[in-house]
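In what follows, a single structure is set out as structure tokens and then discussed.
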2 protein chains.
Amino acid sequence: MKRQNIYILLFTLLTCFGVTAQQLSSPDGDVVMEFSLNSDGAPVYQIAFKNKAAVKSSKLGFTLKETENMDSGFSVLDTQTSTFDETWKPVWGEESEIKNHYNELLVRLKQESTERLMNIRFRAFNEGVGFRYEFPEQPNLGHFIIEDEKTQFAMTGDHTAFWIPGDYDTQEYDYTESRLSEIRGLMDKSITENLSQKSFSSTGVQTSLMMKTDEGLYINIHEAALIDFSVLHLELDDETMVFNAWLTPDVQGTKPYLIAPSNTPWRTVMISDDARDILASRMTYNLNEPCALEDTSWIKPVKYVGVWWEMITGKSSWSYTNDFKAVKLDATDYSKATPNGTHAANNKRVKELIDFAALHGFDGVLVEGWNVGWEDWYGHSKDYVFDFVTPYPDFDVDEIQAYAKSKGVEMIMHHETSSSVRNYERHLDEAYQFMKDHGYNAVKSGYVGDILPRGENHYSQWMINHYQYAIEKAAEYEIMVNAHEAVRPTGIARTYPNLIGNESARGTEYQAFGGSKPNHVTVLPFTRLIGGPMDYTPGIFEMDISKLNPNNNSHVNSTIANQLALYVTMYSPLQMAADLPENYNKFLDAFQFIKDVAVDWDKSMYLEAEPGNYITIARKAKGTNNWFVGNVNGKVSRESNISLDFLDKGKKYIATIYADAKDADYKTNPQEYTIKKMKVTNTSKLSLKSVEGGGYAISIVEE
Amino acid sequence: MKRQNIYILLFTLLTCFGVTAQQLSSPDGDVVMEFSLNSDGAPVYQIAFKNKAAVKSSKLGFTLKETENMDSGFSVLDTQTSTFDETWKPVWGEESEIKNHYNELLVRLKQESTERLMNIRFRAFNEGVGFRYEFPEQPNLGHFIIEDEKTQFAMTGDHTAFWIPGDYDTQEYDYTESRLSEIRGLMDKSITENLSQKSFSSTGVQTSLMMKTDEGLYINIHEAALIDFSVLHLELDDETMVFNAWLTPDVQGTKPYLIAPSNTPWRTVMISDDARDILASRMTYNLNEPCALEDTSWIKPVKYVGVWWEMITGKSSWSYTNDFKAVKLDATDYSKATPNGTHAANNKRVKELIDFAALHGFDGVLVEGWNVGWEDWYGHSKDYVFDFVTPYPDFDVDEIQAYAKSKGVEMIMHHETSSSVRNYERHLDEAYQFMKDHGYNAVKSGYVGDILPRGENHYSQWMINHYQYAIEKAAEYEIMVNAHEAVRPTGIARTYPNLIGNESARGTEYQAFGGSKPNHVTVLPFTRLIGGPMDYTPGIFEMDISKLNPNNNSHVNSTIANQLALYVTMYSPLQMAADLPENYNKFLDAFQFIKDVAVDWDKSMYLEAEPGNYITIARKAKGTNNWFVGNVNGKVSRESNISLDFLDKGKKYIATIYADAKDADYKTNPQEYTIKKMKVTNTSKLSLKSVEGGGYAISIVEE
């Protein structure tokens, strides 16, 4: 009650300065954004949710290099309001139709001293606010360089946050759950090792950032439509609990170079008192431009297996030989090299994978380590590291392609760039053409290690432009892209739906590198997945990695039931069954769920959600009447109670429930699960127990 | 005499240390290089010319990053000597056959503490020595990063040098003639402004560096075959007169990244007691690999005019409109722009140039400013600056091409990259294909301004690799390249003869930017031209630039006779007649020499030469019996006495002599010349006076 009074007072004070505040409400009226200029002519905004402050008065603007800043001295030329309401059909997604409904406020500002123009466009959705800066064409602003973005997100208290360290090169960190005030103290411990990383502040964190207030408000800060700009990070002032925008600099420490007319990406603040609304939000996609591709018929969701986990665990190798101290692609002769005997991407092994895929109905087979160069692929700032077209002697592209085709399976290409970006761009046309010539329609690309050009960062404007270039060029070739170690997505897949996946977070591979936190997957949908799907590569059944590689004692912190649930909770049009066929063959009854589960959906229902604790989602498979339910559970055992009221009234279904066994334990007994079949209807209610790091998966098929 | 004694003592002392010295002599015995290891196991060399020390004992080796240095602790594994003598035919050149005759010493070294191998390969030619470092494939050396090249060039005294400031981005400086000891004091004054420049030391100078000793020895230091390495500069220790190699670093300050097996470029020291030998030397080409192209029939020398000088002088503009504050290629609409009325690359003007070229027998017409983007092309670190395929509204590519074809003239393409190198590489295939589709066979490329990727230098390994990439890709398209502001050549045109020219020095354009020194062209053949031809763009007849543009008071520091001579003295297979047709039409009798002069040669005779003072060269036009003679004169008026004994015995010729008039003066009366026709034979002797900044040109045709 007290807080509400302060809030009202604040609104009053603002108007006292004689600067007219302008309000913008969400369609349902729950979200109210107020824009005004302060006494310095600095743009400020604040956001309330259901009459409670969610974002306190926060400044907007930029400091610029070599010219006057654009953070104060503004007057309002005019404002325009409008309403937008449409429904659009994504090429793939969590639902077949997406509602894009918002109210908009466009504020046209003029900086009196410079006669420069800057607009701020706000859009209020039911689940939050997006805003961006726009620099119209004008006589007094052409080229300009951002020194710092001064956008603030002023929090109302010492919220609980799910955060990873701010970094210019990687998002592959475990999430830390802490009070905002605890970030500084926990930062060092949170920065775990990576092949390329650069942190910038002991209170710097990445977006999307998920928070929860003591009053039960869920707040998520991210960005949408990151095009020709650098990645937004947040630096917390932990005295005032104000987040300040922190853009990723280039090699010289400078931030985006812009030319008017241009727009920044959208800054987004999602707010709800129900965590499920954060998962259900399509704000990030809606703030992106509509699909830029005329024909999207060639874009298809993919369920796949691959030659990958055996290398990640150290059981096999990407490399073909141990002969070479270093590799020069145009000089090294592989034909005389001694095979190391551990090279997994060989004809025999790949055919086994193709057979397995065909037998179990998978769409594709990914093969990593098929092309020459892996003996010497990272850590040396190597320029010409791969050519993307030359296979190892034991991998016959044509033979494999013909075999896969005969089995009705598609091969998935792999392009590790080693972050040698010029080299990749030089080979891109040839590499994509090679794919088309050999029947590959999708590529997993990788950006391991420090960027070349040296000193550039994975998340600088230079690199953002590269990732975009690769996506758009791939679209010209009708190629789907799944980019790893690239920038985390910001909804761009709406515009370029051939971007069918990204890694850009701590994926399943870390379960073979020491393990991730057992509740990791209850956080990712609230953070990394806000901007687009993740190629999380779930489906690990053998949690004791030493069974694959005696020298690797890592443990997969998850139960098998949890692994199954991920196919529902971690939405992606690209889903891998990442474990080895040998391991699936030991648990074919559980494997059945992976075979059955869909990868594209008509509808999604967010049944239960609490970041860091649990997520339960039901999804209706596209073009069918089948439903799949997934529950992942976090830090403590929990009873999940769900209603199946999303099923069609009056219809009868058979549910197959894959759940943690009573004595399942993610650490000591992860492979214990129960499978139960039962008849259900839309009046059915289920109560299922999930252990720590556990969960359940249900397939529901019309009888 | 005293000096000679010291020299002998030095040799003796070296052997005293018990390290066997190994000598290598030139085929004629005049040049003697001696290699040894000093007491630290550091490789050292020295060079004598006709028994006089030319290079004193100088160290060899490298310091490396993150690992042991390779500058000492070596022992000699073995040495190999060999002799090579061949004659090869260049695709174009100063002569139709080039003799490549040298003795070679290969020293195989082992660093005992690291068990690493390094070879040094020396080649002794009659006019000097080249050596390079070779890193063979070996177990203990794969990737390595050079911290500093420790190669020394120890001079024997305080020589006179013709130098330009060491710089990572430009060679566009006037040469300073001074004692070595005076470099430091003259450095600041020598660094004139450029759009991109970065100097590194007050005693840092560029190669090729021309010197003259008090004893009359001419010494030139340069490099050959600069591939996958960074540019060699020299830093003088002006206490000891030792030059230390100084490699161009990358954005992070680091120097080349290498992978064994690999070789460095050759370091070259030319030595003679006759300056003409320096001009006649083909050492730099000979140290490059033979031609890499199977078919070179499409590579043809070119004499051309162009739409260029009128923009350089400020009479016209590259840009089409003054409407835009900035240009975004994919957003700016030129169709509605107001023409500025000064855009030179318009259909009408270009057709005039085509007519002029056809009338006077020129092969080609260069047009700069034909493509959109010139309103906003430099100074803003702009990424997407040109697309290389979109013409301005007033330039019709097809119409112009058809018109040129009908007149028997080739159009020459222009690609200004603005040093946005990623953008150029992204467009390179399309740009080259556009050329082939529209009948262009040659391109002038430009690298004005600071490099993108930001912080990179024009002469770093990264950029060396780019220039090479552009040349090799052009060869695939059968395109000839004339790259401006790129790295100065190092003889690579032997291997890729489609590199028909470079600017990479202070060209004629500076005569419109304030003027160059009147003796500039008597230095360039001893420095910049050592590595390959220069697109110097001679032929300016109107020396008072204010006649073209009232706002430009620059003066061309040259007489017309001097301008004519440049077509002979500044060898290039690509020669422009740079002035405007309007100016040539006023002096058609002098213009006749430019029309007549050849651009490819069977033979060249270096009649007189003294750096900074005068150069007189006679060349026999390829496949004819016609000779052309050029004399450029430096700082004082001078009588040039030459014999025509190079003409065929017994044959009669008619010589047309274009000479400075008596009262000619490069500053006050530059347009006064005389033209005299006379009969000559191989017994004729001529005595001709050239004024300061003057010269003469002679065409000699069989009667």
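Could you check, for region B:145-161, whether at least one of its residues is of a type outside the set (Lys, Arg) and closer than 23 Å to B:Glu509 by Cβ?
Looking for residues that are of a type outside the set (Lys, Arg) and closer than 23 Å to B:Glu509 by Cβ, one finds none in region B:145-161, hence no.
Looking only at region B:278-327, count every residue that is on the phi > 0 side of the Ramachandran plot and either within 14 Å of chain A (Cβ to nearest Cβ) or in contact with an Asp or Glu (Cβ under 6 Å, 6 or more places away or on another chain) (or both) and tell me the total.
Count: 0.
Within region A:222-246, take every residue that is within 14 Å of the chain's Cα centre (by Cα) and of a type in the set (A, V, I, L, M) and give me the one that is nearest to A:Ile530 (Cα to Cα).
For region A:222-246, the residue satisfying everything is A:Ala224.
Quick check on B:Tyr658: is it in contact (Cβ under 8 Å) with a residue 40 or more places away in the chain and either out of contact with any strand residue (DSSP E or B) (no Cβ under 7 Å at 6 or more places or on another chain) or of a type in the set (Lys, Arg) (or both)?
Answer is no for this residue.
Scan region B:651-674 residue by residue and report those that are among the β-branched types (Val, Ile, Thr) and closer than 18 Å to B:Asn633 by Cβ.
B:Ile657, B:Thr668, B:Thr674 - these are the residues of region B:651-674 that are among the β-branched types (Val, Ile, Thr) and closer than 18 Å to B:Asn633 by Cβ.
Output the number of residues of region A:438-468 satisfying the condition of being surrounded by fewer than 24 Cβ atoms within 10 Å (Cβ to Cβ), of a type in the set (D, E, K, R) and either touching a helix residue (DSSP H, G or I) at 6+ places or on another chain (Cβ under 9 Å) or at pLDDT below 95 (or both).
1
Mind telling me which of the residues B:Leu64, B:Leu77 ends up being touching a residue at least 60 places away in the same chain (Cβ under 8 Å) and over 30 Å from the mean Cα position of the chain (by Cα)?
Testing whether each residue is touching a residue at least 60 places away in the same chain (Cβ under 8 Å) and over 30 Å from the mean Cα position of the chain (by Cα) leaves just B:Leu64.
Hey, can you tell me all the residues within region A:353-391 that are at positive phi, more than 14 Å from chain B (Cβ to nearest Cβ) and surrounded by fewer than 18 Cβ atoms within 10 Å (Cβ to Cβ)?
Once the filter is applied, which keeps residues that are at positive phi, more than 14 Å from chain B (Cβ to nearest Cβ) and surrounded by fewer than 18 Cβ atoms within 10 Å (Cβ to Cβ), region A:353-391 yields only A:Gly361.
Would it be correct to say that A:Ile183 is touching a Leu at 6+ places or on another chain (Cβ under 8 Å), in a strand (DSSP E or B) and β-branched (Val, Ile, Thr)?
So A:Ile183 does not fit the description; no.
Could you list all residues from region B:53-75 that are assigned to a strand (DSSP E or B) and surrounded by 17 or more Cβ atoms within 10 Å (Cβ to Cβ)?
B:Ala53, B:Ala54, B:Val55, B:Lys56, B:Ser57, B:Ser58, B:Lys59, B:Phe62, B:Leu64, B:Met70, B:Phe74
Which ranges mark the helices (runs of 4 or more DSSP H) fully within region B:528-601 that have 3 or more residues being in contact (Cβ under 8 Å) with a residue 60 or more places away in the chain and in contact with a strand residue (DSSP E or B) (Cβ under 9 Å, 6 or more places away or on another chain)?
Passing ranges, in order: B:560-569, B:588-596.
Scan region A:113-143 for residues that are buried (at least 22 other Cβ atoms within 10 Å of the Cβ) and of a type in the set (Asp, Glu) and report the count.
1
Return only the number of the condition from (1) part of a loop (DSSP other than H, G, I, E, B); (2) within 20 Å of B:His484 (Cβ to Cβ) that B:Lys325 does not satisfy.
(2)
What number goes with the only condition from (1) touching a helix residue (DSSP H, G or I) at 6+ places or on another chain (Cβ under 9 Å); (2) within 14 Å of chain A (Cβ to nearest Cβ); (3) among the acidic types (Asp, Glu) that B:Asp330 does not pass?
(1)
Run A:Thr83 past the list (1) crowded, with 20+ Cβ neighbours inside 10 Å; (2) farther than 30 Å from A:Ile145 by Cα and report the number of the one that doesn't hold.
Result: A:Thr83 passes all but (1).
Restricting to region A:612-631, name every residue that is farther than 14 Å from A:Ala565 by Cα and assigned to a strand (DSSP E or B).
Hits for region A:612-631 are A:Lys620, A:Ala621.
Return only the number of the condition from (1) on the phi > 0 side of the Ramachandran plot; (2) touching a residue at least 60 places away in the same chain (Cβ under 8 Å); (3) not β-branched (Val, Ile, Thr) that B:Glu127 does not satisfy.
Going through (1) on the phi > 0 side of the Ramachandran plot; (2) touching a residue at least 60 places away in the same chain (Cβ under 8 Å); (3) not β-branched (Val, Ile, Thr) one by one, B:Glu127 breaks only (1).
Is it fair to say B:Gly693 is in contact (Cβ under 8 Å) with a residue 60 or more places away in the chain, crowded, with 22+ Cβ neighbours inside 10 Å and in a loop (DSSP other than H, G, I, E, B)?
It is true that B:Gly693 is in contact (Cβ under 8 Å) with a residue 60 or more places away in the chain, crowded, with 22+ Cβ neighbours inside 10 Å and in a loop (DSSP other than H, G, I, E, B).
I need a count of the residues in region B:632-690 that are part of a strand (DSSP E or B) and under 24 Å from B:Gln592 (Cβ atoms).
27
Please return the ranges of strands (runs of 3 or more DSSP E) entirely within region A:214-318 where 2 or more residues are among the hydroxyl-bearing types (Ser, Thr, Tyr) and over 30 Å from A:Asn346 (Cα atoms).
Filter on region A:214-318 gives A:266-272.
What residue, among those in region B:165-177 that are acidic (Asp, Glu) and part of a loop (DSSP other than H, G, I, E, B), is nearest to the other protein chains (Cβ to nearest Cβ)?
B:Asp169
Assuming B:Tyr403 fulfils every condition listed in (1) within 13 Å of chain A (Cβ to nearest Cβ); (2) of a type in the set (Phe, Trp, Tyr); (3) farther than 22 Å from A:Ile145 by Cβ apart from one, which condition is it?
Here B:Tyr403 clears every test but (1).
Just the residues that are among the acidic types (Asp, Glu) and within 11 Å of chain B (Cβ to nearest Cβ), please, taken from region A:419-471.
A:Glu425, A:Asp429, A:Glu430, A:Asp450, A:Glu456
The values are calculated or read from the model by the stated rules, or taken from the named source; none is laboratory data. Given the structure is predicted, the values throughout are model-derived calculations rather than measurements. Using ideal geometry, Cβ is built from the backbone for each residue, glycine included, and neighbour counts are taken over all protein chains shown.
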